[in-house]
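Worksheet for the structure shown next.
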Amino acid sequence: MTGCTKAPDPTQKTQTWTTPGGTPPAAGKTYELTLDTNCGPIVIKMDAKAAPKTTQTIAWLASQGYYNL
């Protein structure tokens with residue numbers, strides 16, 4: 001892909017939680033998650049009304065650093 005740099009090799013990471021976390025998202029609110037990749041940022045819009053559990057889970061995991069390398 002033009003403009004992309006070589007991505008570093010992934011490292012193994014293990015994280016565990018004793019209970020699921022996160023606050024239920026506000027219904028009707030749209031949340032954005034930005035993934036910074038070696039080809040530039042990717043913005044994902046999450047609709048809490050259409051997918052409340054998925055939005056809650058992804059937002060909570062992101063707040064815990066789950067997606068950080």
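The values are calculated or read from the model by the stated rules, or taken from the named source; none is laboratory data. For clarity, every value in this text was computed on a predicted model and none was experimentally measured. Note: ideal-geometry Cβ built from the backbone for every residue, glycine included; neighbour counts use all protein chains shown. Please note that ligands, DNA and RNA were not included when accessible areas were found on the heavy atoms of the full protein model with its side chains. Shrake-Rupley method; radii C 1.70, N 1.55, O 1.52, S 1.80 Å.
Is it true that Gln56 is polar (S, T, N, Q) and open to solvent by less than 70 Å² (accessible area, probe 1.4 Å)?
So Gln56 passes the test.
Quick one: would you say Leu35 is among the aliphatic types (A, V, I, L, M), free of Cβ contacts under 8 Å to residues at least 60 places away in the same chain, at negative phi and out of contact with any Gly (no Cβ under 6 Å at 6 or more places or on another chain)?
Answer is yes for this residue.
For segment 6-29, check the following and say yes or no: at least one residue is charged (D, E, K, R), assigned to a strand (DSSP E or B) and surrounded by fewer than 10 Cβ atoms within 10 Å (Cβ to Cβ).
Scanning segment 6-29 turns up no residue that is charged (D, E, K, R), assigned to a strand (DSSP E or B) and surrounded by fewer than 10 Cβ atoms within 10 Å (Cβ to Cβ).
Limited to segment 3-50, what total is found for residues that are closer than 14 Å to Tyr67 by Cβ, among the polar types (S, T, N, Q) and modelled with pLDDT of 85 or more?
Going through segment 3-50 one residue at a time, the tally reaches 2.
Restricting the search to segment 30-41, which residues are closer than 27 Å to Cys4 by Cα, more than 11 Å from the chain's Cα centre (by Cα) and either open to solvent by 70 Å² or more (accessible area, probe 1.4 Å) or acidic (Asp, Glu) (or both)?
Pro41 - this is the single residue of segment 30-41 that is closer than 27 Å to Cys4 by Cα, more than 11 Å from the chain's Cα centre (by Cα) and either open to solvent by 70 Å² or more (accessible area, probe 1.4 Å) or acidic (Asp, Glu) (or both).
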